[in-house]
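The values are calculated or read from the model by the stated rules, or taken from the named source; none is laboratory data. Keep in mind that this is a model prediction, so the values were computed, not measured. Neighbour counts run over all protein chains shown; Cβ positions are idealised from the backbone, glycine included. Ligands, DNA and RNA are excluded from the accessible area calculation, which covers all protein heavy atoms including side chains. Shrake-Rupley method; radii C 1.70, N 1.55, O 1.52, S 1.80 Å.
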Amino acid sequence: MAEVKLKNLTKRFKDVVAVDNISLDIEDGEFLTLVGPSGCGKSTTLRAVAGLENPTAGDILIDGQRVNPLPPQKRHISMVFQSYALFPHMSVESNLAFGLKIRKKSLKHKSEKVKWAIELLGLSGFEKRLPKELSGGQRQRVALGRALVLEPKVLLLDEPLSNLDAKLRLRMRTELKRLHKKIKTTIIYVTHDQAEAMTLSDRLAVMKDGKILQVGTPEEIYQKPADIFCAGFIGSPPMNFVSGERVPQVEDKNAMVGIRPEDLSISLAETKDGIVGRSSVTETLGSDNYLYVDISDLLISVRLKPEEKIPEDKPVWLVARKEKHHLFDKSTGRRV
Ligand SMILES: Nc1ncnc2c1ncn2[C@@H]1O[C@H](COP(=O)(O)OP(=O)(O)O)[C@@H](O)[C@H]1O
Ligand SMILES: [Mg+2]
């Protein structure tokens, strides 16, 4: 286990600034996720920690040691990619043992570690199978096992669940979380999927355009997003945004007001401090129903109470208590 520190890390590819002066302290044993849209610099950051990219500027410290000059194999890290190619002609056992073999570990050490991984990952009975004889989830577990048998101080995971179908992805999420509880290895996880990031992580670092915009626990970021981007990126359906002058109790044209769908209530009768709109469709997402309301050019989502039914195309009034408003400065995007 180890702590990881990024200090003013920058990576440029010619005129593209992939990572723009980021600093981040990851605690020993922590599950930290870099989350943000495609192209925001997540993989480049992870690859720099792994030693696969040379930083343009800044330092990477693992357990207090500056690792910039060290090649990947000397950093005590393991990485699992989205395209976790297993060796197709090798059994599960041989795939798991491969890294130990090239590191010239003893036979005893190899068989012990492989046995440990097989048990840890629930692969008993599958030792002799080839990758093509496994399910997608089992293959993903072998890829994880291959990284874990090397006893890394830090485990780096780059969108490891993206290739799995939705149902399996959900199951692997739970498995990963349980696995981390058991092994307590420091994990840096990369995903563009905010729901995945929210459910797995101790803390998230929200990235955009090569920068880290906010670091915090899932609750902190959800409850108190630092800017409009984080507010809109974390949470589904996303937070609604209405210009300040259109919101009763705010009426500030420089403010952007953010309101989560669950913080709005709806009334079919005119209400004081309500914003009038027209009801549109209701969307059912499993246990929750969301009504969409047209307010001239905006479409606002509102979480309905379990038994609440609102007919389509009727005038409705939206109300959010003032303490549920998130206020942002329109010009900087920052929370005020
Ligand atoms: N080897 C490379 N050469 C040139 N540009 C690159 C290279 N790798 C990444 N980039 C660019 O850097 C930016 C960040 O990429 P990446 O770290 O892969 O983002 P993410 O993983 O968040 O999707 C993108 O604009 C991407 O096109
Ligand atoms: Mg990536």
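Here are a few things to note about the model shown:
- Only one of Glu119, Glu159, Glu112, Glu133 that is in the same structural domain as Leu34 (by TED's automatic domain parsing) and touching a strand residue (DSSP E or B) at 6+ places or on another chain (Cβ under 7 Å): Glu159
- Qualifying positions in the stretch 57-82 - open to solvent by 50 Å² or more (accessible area, probe 1.4 Å) and within 16 Å of ligand 2 (Cβ to nearest atom): Phe81, Gln82
- Looking across the stretch 209-241, the residues that are acidic (Asp, Glu) and either buried (at least 19 other Cβ atoms within 10 Å of the Cβ) or touching a strand residue (DSSP E or B) at 6+ places or on another chain (Cβ under 8 Å) (or both) come down to Asp209, Asp227.
- Members of the stretch 295-336 that are farther than 21 Å from Gln223 by Cα and open to solvent by 70 Å² or more (accessible area, probe 1.4 Å): Ser296, Asp297, Leu299, Pro306, Glu307, Lys309, Glu312, Asp313, Lys314, Ser331
- Checking Val49 against (1) within 15 Å of ligand 2 (Cβ to nearest atom); (2) in contact with a Phe, Trp or Tyr (Cβ under 9 Å, 6 or more places away or on another chain); (3) among the β-branched types (Val, Ile, Thr), the condition it does not meet: (2)
- From Val206, Val247, residue being among the β-branched types (Val, Ile, Thr), more than 26 Å from Lys7 (Cα to Cα) and open to solvent by less than 20 Å² (accessible area, probe 1.4 Å): Val247
- Of residues in the stretch 136-176 being of a type in the set (Asp, Glu) and within 30 Å of Gly232 (Cα to Cα), the one farthest from ligand 1 (Cβ to nearest atom): Glu175
- Filtered residue count, the stretch 174-200, keeping only those that are open to solvent by 10 Å² or more (accessible area, probe 1.4 Å) and of a type in the set (Ser, Thr, Tyr): 3
- Among the residues making up the stretch 177-207, those that are away from ligand 1 (no atom under 16 Å from the Cβ), modelled with pLDDT of 95 or more and among the charged types (D, E, K, R) are Asp202, Arg203.
- Candidates Glu93, Glu119 - the one that is of a type outside the set (Phe, Trp, Tyr), part of a helix (DSSP H, G or I) and surrounded by 18 or more Cβ atoms within 10 Å (Cβ to Cβ): Glu93
- Selection within the stretch 127-177 - within 16 Å of ligand 2 (Cβ to nearest atom) and without any contact (Cβ under 8 Å) to a residue 40 or more places away in the chain: Leu161
- Selection status of Ile300, among the β-branched types (Val, Ile, Thr), closer than 30 Å to Ile212 by Cα and touching a Lys or Arg at 6+ places or on another chain (Cβ under 8 Å): no
- Exclusive hit being farther than 18 Å from Leu150 by Cβ and away from ligand 1 (no atom under 12 Å from the Cβ), set Asp63, Asp59: Asp59
- Among the candidates Val319, Val250, Val257, Val293, residue that is β-branched (Val, Ile, Thr) and in contact with a His (Cβ under 6 Å, 6 or more places away or on another chain): Val257
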